[in-house]
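To keep things clear, I will list the structure first and then write my remarks on it.
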Amino acid sequence: MNVSASGRRQARHYAMQGLYQWQMAGSSLNAIEAEFRTDNDMTKVDVPYFQELLHQVPAKLDELEAAYSPFLQGRNNDELDPITRALLRLSTYEMKHRIDVPYKVVINESVALAKKFGATDAHKFINAVLDQLAASLRALEVQAERKAKR
């Protein structure tokens, strides 16, 4: 199956909104997924990717939060606004479990969503956290990228 970048981008967009809804309202993931499929035109969305993100992020929540928490610049995960928390969870999942997605794409997509939906300057915080996370989880990829720039 050929997956377009815009289809993945839309999948992340909806997954972030679904995760936000899940953490705020406590709705079931299946109900959230059904609502998104009913309320949105999913023809240009990478639906399997949307499903994976929506269901796997909550399934691996403790693991994901443990991975990014050391980089929260002295903040506690509970202090983060819900959009920032949803984006960090989503991006950490992609960094850890979707190594087919370059770390720079994960960071760029998360920063773009933060600029669109997040609090003022949330994108700067997310960028800083994910840069450190990438150096930790994807050290070889980050080092190769830096060498290529020289």
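The values are calculated or read from the model by the stated rules, or taken from the named source; none is laboratory data. Everything numeric in this text was worked out from a predicted model, so none of it was measured. Neighbour counts run over all protein chains shown; Cβ positions are idealised from the backbone, glycine included. Just the protein is used for accessible areas: all its heavy atoms, side chains included, with ligands, DNA and RNA removed. Shrake-Rupley method; radii C 1.70, N 1.55, O 1.52, S 1.80 Å.
General remarks:
- Listed by position, the helices (runs of 4 or more DSSP H) enclosed by the range 77-150 that each have at least 3 residues that are in contact with a helix residue (DSSP H, G or I) (Cβ under 9 Å, 6 or more places away or on another chain) and surrounded by 15 or more Cβ atoms within 10 Å (Cβ to Cβ) are 82-97, 103-117, 122-137.
- Residues (open to solvent by less than 30 Å² (accessible area, probe 1.4 Å), in a helix (DSSP H, G or I) and either more than 14 Å from TRP22 (Cα to Cα) or small (Gly, Ala, Ser) (or both)) located in the range 51-76: LEU64, ALA67, TYR68
- Which numbered condition PHE50 misses (of (1) in contact (Cβ under 8 Å) with a residue 60 or more places away in the chain; (2) touching a helix residue (DSSP H, G or I) at 6+ places or on another chain (Cβ under 6 Å); (3) within 27 Å of LEU29 (Cβ to Cβ)): (1)
- Top-ranked residue of the range 1-47 - restricted to ones that are part of a helix (DSSP H, G or I) and among the basic types (Lys, Arg), ranked as surrounded by the most Cβ atoms within 10 Å (Cβ to Cβ): ARG12
- Selection within the range 33-48 - within 17 Å of the chain's Cα centre (by Cα) and of a type outside the set (Asp, Glu): VAL45, VAL47, PRO48
- In the range 49-95, the residue that is farthest from LEU130 (Cα to Cα) out of those that are among the basic types (Lys, Arg) and more than 11 Å from the chain's Cα centre (by Cα) is LYS60.
- Any hit, the range 80-93, residues being in contact (Cβ under 8 Å) with a residue 12 or more places away in the chain and farther than 17 Å from GLN23 by Cα: no
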